[in-house]
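Asks: Okay, here's the structure, questions in a sec.
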Amino acid sequence: MTWPQTKPQWALGPRATARAQTRPTAAAPGIDALLLTAFLVDLVTPFLIWKGLLPDVVRWLSHGALAGMMVLAVAQMMQQDRVPGSVLFILSLSAIGGAVGYLHGQGITATAWGWWVMFQYPMVGLYAYTRDAWPEDWGQTVRRGLIAALVAVVIVQIGQFLTGETPGDHLAGLFGRHGTANLMLFIALMVSMGLGMGLANGEWKTLAAILMLSMIASVLGEIKMFLPTVLALGLLAATIYSWRHRRLGRLFLYVLALLLVAGLFVVAYDAVVSSTRNTRALSEYLQLSTLDRYLGTANRTIVDGRYVYEIGRNYALVYGWREISRDPFTMLFGMGLGARGESRTLGSSGAGLSGGPLGLSVGTSMLVMMQELGVVGMLVMGGFLIWAGWTLYADTRRYPDSDLLWLRYALLMFTVLWPVWLWYTTSWTIRVAMLVYWALLGYALAEPRLARPPAVSLLSVRAEVHRDR
C-alpha cells in the first residue's frame, strides 16, 4: 500500500486535509467477486427457485463464496502477521460451543453445521477488515447498489400484487417464499443507511425515497414490524442529530416527517392488508390482549408434511430460559453450537432441537443463542457488539469529515438495535442483510487503519539503503 504525497494543510484547507487523512489510499479491483456472487445469489435466486426457474442447489453458490472469503481472511492474517482481536471472540465461542456439544452427545456434523451457521457472516466481516485495500469510493458504490436492489424488490412485489398474490409471507419480492423476515431486516438496514446519509450529508431526498420504498414493501409484505422499526431508528437518529447540531427546529421537522411516514403506513396497511384479507386492523395489535396472543404462544402447523411450531417471540424467550435452566452447567454454557440447528442436506439436527418438546422448530436468534451459548456465550456476544458500537461512535467523533461518516452512523444505529433484531426473527443468519451488514462493518472499522501511512521500521530502512548500494 502506498501513501500519496499531499499538499500542506494551508494549501488544502483543514477540512480537505482531514478528509484526505481518513480515506483509504490504496487501489484495489473495482469489484469483489466473492462478495458480489454471494449478494446476487442470495438476493435473486430465492424468487426464481420458488417459481421453479432455477434448481435449489444454486443457493449453495453463496455458501461457497462465503467459504472462499473465510479462507482468504485466514490467508490475509497470515500474510500480514497480524491477528485482530475479534478472532479471540470467535475462537473462544467455538471452543466452548464445540466442547459443550460433545458433552451433550451431539454428532460432529451437527456441531460443524452449527459453527458455520453461527460464524459465516462474522467471518465475512473479518475478511473485509483484513483486506489490504478497497476500491476508491467503494462505500458509495455499495449504497447505490443497495438502493437499486430495494427498488428491484419493490417492483417485483408490485408485480406479484397485481397478478393476484395476497399480502403476507410470500409477497416479499425477490426474497421469495416465506421471505418477509429477510425483507424486514433488509428494510431496517436500508432505513438505517438513509438516516445515516441524512445525518452526515443532509441527503434528505434520498432518505425520503428510501422511507417511501420501505413503506410500500412493508405494506405489501404485511410487515407490522416496520412501524416500531422506523420509530426506534428515528429516535436514535434524532438523538444523534440534536447532539451533533444543537438545532431543535430542524429536529422538530425531522420527527414530524417520521411521524408522517408512520401514519401513512398505518393507513396503507389497513387499506391494502386488513380490507383485502379481512384481518385485524393494525391498531388492534397495540392492545395488550392481542399482543399477548400474537407474541406469547406457540402454534403447531403442518409444513411440507411435518409438524412445525410457530413460536411467538416472547414465548421463545420463556421457552429458551426454561430449557437452559435445567442445571447450572447448561445455564452457563448452553447445549453447544448447532443445538438448535438443522440441515436437511446434511441430514443432521442439533440435540436441543430434536430432543426438545417443540420438535423441529428454530424460533428466533435470541432463542438459538440462549440454548446454544448459555449465559457466558451471550455475555461474550453482547460484549463484542457493544465494542463494535462504541468503536463506530468513537470513529464518528474522531473522523467527522470522513467520506464514511454516513456509513458509521448507519451501522451504529443498526448495531444499537441488535437486541430487537435477535428478538424479532432468526436475524443472525438472515441472508443479504447480514452479508451487507458484516461486510460494511469490517470495511468501516478497517478504514482508519488503511488510511494511515505504512509504518517504517529501522530494519526496512537499512535494507533499502543496502539495496541502493
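The values are calculated or read from the model by the stated rules, or taken from the named source; none is laboratory data. From a predicted model like this one, the values you see are computed outputs, not experimental measurements. Cβ: placed from backbone, ideal geometry, glycine included. Neighbour counts: every protein chain shown. All accessible areas refer to the heavy atoms of the entire protein, side chains included, with ligands and DNA or RNA removed. Shrake-Rupley method; radii C 1.70, N 1.55, O 1.52, S 1.80 Å.
Asks: Among the residues of region 306-333 satisfying the criterion of being in a strand (DSSP E or B) and either modelled with pLDDT of 85 or more or among the aromatic types (F, W, Y) (or both), which is nearest to S92 (Cα to Cα)?
Replies: Y309
Asks: Could you check how many residues of region 169-188 are within 24 Å of A232 (Cβ to Cβ), out of contact with any Leu (no Cβ under 8 Å at 6 or more places or on another chain) and touching a residue at least 60 places away in the same chain (Cβ under 8 Å)?
Replies: Final tally of qualifying residues: 5.
Asks: Tell me whether region 194-209 contains one or more residues that are buried (at least 17 other Cβ atoms within 10 Å of the Cβ), within 30 Å of T279 (Cβ to Cβ) and of a type in the set (A, V, I, L, M, F, W, C).
Replies: No, every residue in region 194-209 fails to be buried (at least 17 other Cβ atoms within 10 Å of the Cβ), within 30 Å of T279 (Cβ to Cβ) and of a type in the set (A, V, I, L, M, F, W, C).
Asks: What pairs come out if I take residues in region 138-162 that are within 23 Å of L450 (Cα to Cα) and pair them with residues that are in a helix (DSSP H, G or I) and of a type in the set (S, T, Y) whose C-beta lies under 9 Å away, six or more apart or interchain?
Replies: W138/Y443; G139/Y443; V142/Y443; R143/T206
Asks: Output the number of the condition that Q160 fails; it satisfies all remaining conditions of (1) under 25 Å from Y409 (Cβ atoms); (2) polar (S, T, N, Q); (3) out of contact with any helix residue (DSSP H, G or I) (no Cβ under 6 Å at 6 or more places or on another chain).
Replies: Here Q160 clears every test but (1).
Asks: Report whether or not A26 is at negative phi, surrounded by fewer than 16 Cβ atoms within 10 Å (Cβ to Cβ) and modelled with pLDDT under 90.
Replies: In short, no.
Asks: Give region 392-440 a look and list any residue that's more than 22 Å from L235 (Cα to Cα), assigned to a helix (DSSP H, G or I) and either open to solvent by 10 Å² or more (accessible area, probe 1.4 Å) or not small (G, A, S) (or both), or say none.
Replies: R398, W428, T429, M434, L435, V436, W438, L440
Asks: Further question: Kindly establish whether V156 is surrounded by 14 or more Cβ atoms within 10 Å (Cβ to Cβ) and under 20 Å from the mean Cα position of the chain (by Cα).
Replies: no
Asks: Write out, first by first residue and then by second, each pair whose Cβ atoms fall under 6 Å of each other, whose residues are 6+ apart or on separate chains, and whose first residue, in region 269-291, is modelled with pLDDT of 70 or more while the second is open to solvent by less than 40 Å² (accessible area, probe 1.4 Å) and β-branched (V, I, T).
Replies: Y269/V219; V272/V219
Asks: In addition: Test of understanding: among V420, V416, which residue is in contact with a Gly (Cβ under 7 Å, 6 or more places away or on another chain), farther than 13 Å from V124 by Cα and either small (G, A, S) or touching a residue at least 12 places away in the same chain (Cβ under 8 Å) (or both)? Working first, answer last.
Replies: Details: V420 fails: in contact with a Gly (Cβ under 7 Å, 6 or more places away or on another chain).
Only one candidate qualifies: V416.
Asks: Hey, any hits in region 250-264 for a residue that's surrounded by 13 or more Cβ atoms within 10 Å (Cβ to Cβ), at pLDDT 85 or above and under 25 Å from the mean Cα position of the chain (by Cα)?
Replies: Among the residues of region 250-264, not one is surrounded by 13 or more Cβ atoms within 10 Å (Cβ to Cβ), at pLDDT 85 or above and under 25 Å from the mean Cα position of the chain (by Cα), which makes the answer no.
Asks: So, of the residues in region 100-134 that are open to solvent by 50 Å² or more (accessible area, probe 1.4 Å) and in a helix (DSSP H, G or I), which turns out to be farthest from L445 (Cα to Cα)?
Replies: Ranking the candidates gives L103 first.
Asks: Determine whether V230 is within 30 Å of L162 (Cβ to Cβ), β-branched (V, I, T), under 27 Å from the mean Cα position of the chain (by Cα) and at pLDDT 80 or above.
Replies: yes
Asks: Further, regarding this structure: Looking at region 356-379, can you tell me whether even one residue there is outside any helix (DSSP H, G or I), in contact with a strand residue (DSSP E or B) (Cβ under 6 Å, 6 or more places away or on another chain) and open to solvent by less than 20 Å² (accessible area, probe 1.4 Å)?
Replies: Yes; the residues of region 356-379 include at least one that is outside any helix (DSSP H, G or I), in contact with a strand residue (DSSP E or B) (Cβ under 6 Å, 6 or more places away or on another chain) and open to solvent by less than 20 Å² (accessible area, probe 1.4 Å).
Asks: For G173, all conditions in the list (1) more than 25 Å from V74 (Cα to Cα); (2) open to solvent by 10 Å² or more (accessible area, probe 1.4 Å); (3) touching a helix residue (DSSP H, G or I) at 6+ places or on another chain (Cβ under 6 Å) hold save one; what is the number of the exception?
Replies: Status for G173: all satisfied but (2).
Asks: Okay, moving on. Every residue in region 56-109 that is among the hydrophobic types (A, V, I, L, M, F, W, C), at pLDDT below 90 and under 24 Å from the mean Cα position of the chain (by Cα), please.
Replies: V83, L88, F89
Asks: Still on this structure: Restricting to region 135-152, name every residue that is assigned to a helix (DSSP H, G or I) and open to solvent by 20 Å² or more (accessible area, probe 1.4 Å). Even if it seems obvious, please write down each step before you answer.
Replies: Of the residues in region 135-152, the ones assigned to a helix (DSSP H, G or I) are 138-152.
Selection gives W138, Q140, T141, V142, R143, R144, G145, I147, A148, V151, A152.
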